1. About the Cα centre of the chain, what is the dipole size in debye to 20, counting +1 per Lys and Arg Cβ and -1 per Asp and Glu Cβ, all else neutral?
2. Given a 1.4 angstrom probe, I'd like the percentage of the accessible area of the stretch 15-156 that is carbon and sulfur, rounded to a whole number.
3. Could you sort the peptides 114-127, 8-21, 50-63, 176-189 by per-residue average Cβ neighbour count (10 Å cutoff), highest mean leading?
4. For the chain, report the accessible area per residue in Å² (1.4 Å probe, heavy atoms, rounded to an integer).
5. Cβ neighbours within 10 Å, averaged per peptide: list 136-144, 74-82 in order, most packed at the top.
6. How high is the FRET efficiency from TYR31 to ASP89, r the C-beta distance, R0 41 Å, rounded to 0.05?
7. Provide the gained length on full extension for the span GLN76 to THR151, in nm with one decimal, where the gain is 0.36 nm per separating residue minus the Cα-Cα distance.
8. Using every alpha carbon pair in the chain, what percent of pairs falls into each 10 Å bin from 0 up to the bin containing the largest distance?
Amino acid sequence: MLKYVIFDFDGTIADSRVVFVSAWNKIAEKYHFKKIELAELENMKKLTIRELCKMLDFPMYKIPIFIPQLYKLYRQSINDLKLFDGMKDVLDELNKKGVKTAIISSNSEENIKLFLRRNSMENVTDILCSSHIFGKDKLLSKFLKQNQLDTADVIYVGDEQRDIIACKKAGIKIIWVTWGYDSIEVVQSVEPDFKASLPGEILQLI
């Protein structure tokens, strides 16, 4: 039986697209990168991170430099952050079944905790964060070690190609959700273990 379900945050639990666009556009205006129009979001789901950076005239190597600034601006618009319908029910049901839940994200712990409190989501036992957006495999391995868990004791739920790659590196199964940032065109090449089109399907798969 699973002991933990580990969730990504942005694009999986929280619909943060509008908040991210607002934060990014402030950075873009200040540093002369390309801004994002809300109408472009659906097409952007079909782009890899590398392709997205190229579209925005943003050098990929600068991601670690701008991530802290991006999440600081994100914090200013956090009241516009939406909870995906059904996700609170998923976490509550897992808690009832005795399965612990955790969040591993490149967002900041402060932002995540504020959102969880605002939405009365009190069952998440662990939150691990890193500003290195490609370093989730290291966080996953750290989480397993700290909690004395085997890879079979956990499953990850995420929405991006990089989530799938990180889980494969860490040897952890992943449920990819269709409502997040990356489309099937982006993730199919890295072959997620499972796919959920609705939050309730996460519980069925588990």
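1. On the way: 30 positive and 29 negative charges, 135 e Å.
Dipole size: approximately 640 debye.
2. Of all accessible area on the stretch 15-156, carbon and sulfur atoms account for 50 percent.
3. The most tightly packed comes first, giving 8-21, 176-189, 114-127, 50-63.
4. 51
5. Final packing ranking: 136-144, 74-82.
6. On the way: r = 41 Å, r/R0 = 0.99.
With a Förster radius of 41 Å, E is 0.50.
7. Details: separation 75, 0.36 × 75 = 27.00 nm, distance 3.67 nm.
Additional length available on full extension: 23.3 nm.
8. Taking all Cα pairs of the chain, the binned fractions are 8, 36, 39, 15, 2, 0 percent.
The values are calculated or read from the model by the stated rules, or taken from the named source; none is laboratory data. Note that the coordinates shown come from a computational prediction; the quantities given were computed from them, not determined experimentally. Backbone-built Cβ (ideal geometry, glycine too); neighbour counts: all protein chains shown. Just the protein is used for accessible areas: all its heavy atoms, side chains included, with ligands, DNA and RNA removed. Shrake-Rupley method; radii C 1.70, N 1.55, O 1.52, S 1.80 Å.
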